[in-house]
Each structure stands twice: as C-alpha cells, then as structure tokens.
Amino acid sequence: MNFIEFEDVTFSYPPVEGDLDENGNQIVPAAVFEHFSGGIPGAFTSIIGPNGCGKSTLMLLASGRLVPSSGKVRLLGQDIASLGEEQRCLLASVIYQNMEFESNDKVENLLSFVYKNGALKANSKGIKSQDLFSEVVEQFELSSVMNHGLSEISKGENQRILLAFSLLYGSAGIFMDEPMFAMENRQKESALEYLRSYSQETKTPMFLSMHELDLSKKYSEKVLLIHPNKDMSYGTPDEVMTSDELEKAYGIPAAMLKHSEDMTREILSQQSEALSPQKKPNV
C-alpha cells in the first residue's frame, strides 16, 4: 500500500483581497492541482522541481494541513483532512519553511515536552544508542543550547531543534519543507545521513523539499520530480535526476542549475538570454 494516496484532488488557493488585474478585476489563482490522482510509497523521498510547481502544496495536502477543494488525500489509508488535530499530527509531522517557535521556553523543556506528549511517550531507543532523546541532542549539536530560551537561538540552531522535534514526537510520517536552509554544509550532510538511516531503520517515511539538488541526489532513497505542467517522475535519484529530466522540468540546461534550484525565473531567463544563439535551450 502506498503511504500517500491522492484521489481526484483539486486544490486552489483563495483569492487575495485587493489583488486586482489591470482592469480592476479580482485575480483568481489558478488551480495548483486539478483532478490529480496518484500514490507515493513510504521512503526517504526528496520532492524537487522548479519554484511554483507545487512541492510545498503537495506536502501540505498530504499531511492534512491543507484541505482539497475536491477529492481526497489518504495517509496510511485514512482520510487525513477528516481527522482531528491530534490524530492528524500523530500521522504526519510538518516542518514548514521558515518555521519559528512562538515561545520563550528553554530548548530542553520544549524537546522534553514533545518527547513525553507525542507518540513515543518519552520511551524510545535511538538507532545508535538506547536513548533517542540524548542521541538526537548529540546528532543535531544541541547540547550547548539546551538551557537557552527559544528567543535566544540562531536560525541554524532553530532548524536543528525542529529536526530533533520531528523525530522526538514520533509521527508515522514526516514532511519537511526547506528544513536545513540556515545550517552549515557539514551539518546538512550529517543531518541528512542520520535522517535517512533513521527513516530506513524505523520504517518512518520522510518527504523533504530542498534547494540543493546535489544533496537530494546523494542522500535520497527516492525522488519525486514535479514538472511545471504537473507531470511527475518518480524513482531512484539515478533514474529521475538525469540531465534530460532536469532540463525538461527546469527549462534550462542541467549544467546551469549548479546543484541548486534556488534561482528565480527572472535570473534563469537572464542567464538563458546571455547564452549564444547556438547554445540557447529550446524552451
């Protein structure tokens, strides 16, 4: 059974009040997904694709944080949108992009509370030791900030706390939208290696959207590539992240991506125009 099932899902964001076109008419956003059906198995999965293709929306729909305009999304066979908040969180944890804590509690108190009140009930082995709590504190380099207030931590520390938070809560699946943007490169690699091992050994599916395509290719078990027209490719990194597939999705030569999808369409257009006519991509 697939971990995630989309059944004839249509979703549009609501119009923004005051967002008018040149004729003064309300702009109505186009559907992000329209009559979309498909299944995604549980694995350590990177979700990639150009900005605006629907990566974040897909994860928020899958985790029940957004509700489809029509259709159903099932997680482990359950209609995720129909569940209460606690049941939904036990099925799916979410790390949002630029997520911050609205609390002045100490880091240790927060993590202890999450561990005690989540699915694991403060009683779980790590994958390297007998105690998950001390393992993730060490793995994500949090020992020096355990007595700090959450308002006193840096962006990178905040991201590492969120990673610890997601494991200590113990949801059946974890969704992460740019979970490592403020971390040092060595910390990103260490975290991804550990998260992949944790996902595999505990059978906890994880779905990550990251800008760094090289890290997605290096650490992912599976990759879901979303094209601007919502065509999708799914498989191993070697199967999906080919030059041809990336060029079709991003609309530029794969070499120009330079392992990163954090480029605006304007920048990509400028770089494409700077190429000689003989080298311009057919887009």
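Miscellaneous remarks
- Residues located in the range 198-214, provided they are in contact with a strand residue (DSSP E or B) (Cβ under 8 Å, 6 or more places away or on another chain), at pLDDT 95 or above and surrounded by fewer than 21 Cβ atoms within 10 Å (Cβ to Cβ): Gln200, Thr204
- Checking Glu86, Glu17, Glu22, Glu34 one by one, the residue that is of a type in the set (D, E, K, R) and either touching a Leu at 6+ places or on another chain (Cβ under 8 Å) or under 30 Å from Asn117 (Cα atoms) (or both) is Glu86 and no other.
- Subset of the range 64-84 that is of a type in the set (S, T, N, Q) and free of Cβ contacts under 8 Å to residues at least 24 places away in the same chain - its residue that is surrounded by the fewest Cβ atoms within 10 Å (Cβ to Cβ): Ser82
- Some residue of the range 111-128 being in contact with a strand residue (DSSP E or B) (Cβ under 8 Å, 6 or more places away or on another chain) and either without any contact (Cβ under 8 Å) to a residue 60 or more places away in the chain or of a type outside the set (Gly, Ala, Ser) (or both): no
- Scan the range 132-156 for residues that are part of a helix (DSSP H, G or I) and either of a type in the set (D, E, K, R) or more than 27 Å from Asn98 (Cβ to Cβ) (or both) and the total you get is 5.
- Of all residues in the range 131-154 being of a type in the set (S, T, N, Q) and at pLDDT 95 or above, the one that is surrounded by the fewest Cβ atoms within 10 Å (Cβ to Cβ): Ser144
- Every residue from the range 231-283 that is among the polar types (S, T, N, Q) and modelled with pLDDT of 90 or more: Ser233, Thr236, Thr242, Ser243
- Subset of the range 233-254 (residues that are among the hydroxyl-bearing types (Ser, Thr, Tyr) and loosely packed, with under 14 Cβ neighbours inside 10 Å): Thr236, Ser243
- In the range 46-63, the residues that are surrounded by fewer than 23 Cβ atoms within 10 Å (Cβ to Cβ) and either polar (S, T, N, Q) or under 10 Å from Phe207 (Cα atoms) (or both): Asn51, Ser56, Thr57
- Of the set (1) hydroxyl-bearing (Ser, Thr, Tyr); (2) part of a helix (DSSP H, G or I); (3) more than 22 Å from Gly235 (Cα to Cα), all apply to Ser129 but (2).
Each row is one residue, and each column tells you yes or no for (1) in contact (Cβ under 8 Å) with a residue 60 or more places away in the chain; (2) small (Gly, Ala, Ser); (3) under 26 Å from Phe33 (Cα atoms).
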{"site": "Ser166", "(1), (2), (3)": "yes, yes, no"}
{"site": "Lys203", "(1), (2), (3)": "yes, no, no"}
{"site": "Ser209", "(1), (2), (3)": "yes, yes, yes"}
{"site": "His227", "(1), (2), (3)": "yes, no, yes"}
{"site": "Asp238", "(1), (2), (3)": "no, no, no"}
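- With respect to the conditions (1) surrounded by fewer than 15 Cβ atoms within 10 Å (Cβ to Cβ); (2) in contact with a Ser or Thr (Cβ under 8 Å, 6 or more places away or on another chain); (3) in a helix (DSSP H, G or I), Gln97 lacks only one, and its number is (3).
The values are calculated or read from the model by the stated rules, or taken from the named source; none is laboratory data. Only a predicted model underlies this, so the values are computations on that prediction, with no experimental measurement involved. Neighbour counts are summed over all protein chains in view; Cβ atoms, including those assigned to glycine, are modelled from backbone coordinates with ideal geometry.
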